[in-house]
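What follows is a set of notes on a single structure, which appears directly below.
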């Protein structure tokens, strides 16, 4: 009789363990075979691509109106290309440290994860600080948000991108905090991967913004229509797909 009771208790425990193991998969894949959190991030990035596409098209449309109306200062008078180039390089380097952070957690290297996440957040913070300095200098030179159409479209476009970088920095620091509390394991690498997708997206957006806003001369920008800008923005998704495939 005792043996029967033991067998019953053992069977009951085995059944409970099976149920717990079955319930461990908190985020089952969708019908596409992709985890629903990752699919949601891709949906968000798609909508954000359209958002930035509209802002860039607006900038290309109104950049030359300041000169047409005789309302300065103009882009050629205030842009500091070398300084902005350094800021762009800093932000692009953060993509490398983000990849290293993901590689570290996939190998179960908690220390490496924290180091590379902190490095990515530091580089992002340096970019945001550089953008704040740049905005301050532009204001001192007479370019405000309501000075002319160029100023309005420029500040809205680059300001929203800076806000995206700031959100990314906070996200990365949150992952570091969770890791320090022991909440990030090798099995949670998808959390870092999703954050990486967002971070790479803001880097790709800045490549386009830096090229169209700072590098292309005014005469060429004036000839670029909204359709050409929309075509350029449509490449975001393909580039992100390449990054996702490499990961």
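Cβ crowding within 10 Å, taken as a proxy for footprinting-reagent exposure, orders 59, 74 from fewest neighbours to most as 74, 59. Computed over all pairs of different Cα atoms, the Kirkwood value for the hydrodynamic radius of region 81-203 is 15.3 Å.
Between residue 190 and residue 54, the FRET efficiency from the beta-carbon distance, with R0 = 35 Å, is close to 0.70.
Computed from the Cβ-Cβ distance with R0 of 22 Å, the FRET efficiency linking residue 140 to residue 44 stands at 0.05. By the count of other C-beta atoms within 10 Å, a proxy for reagent exposure, 40, 172, 100, 55 are ordered fewest to most as 40, 100, 55, 172. Here the simple spin-label model places points 7 Å from the Cα toward Cβ, and for residue 132 and residue 181 these points are separated by 2.6 nm.
Since every read-out is calculated from the coordinates, none of them should be taken as a lab result. These figures come from a predicted structure and were not determined experimentally. A quick note on method: Cβ atoms are made from the backbone with ideal geometry, for glycine too, and the neighbour counts reach across all protein chains shown.
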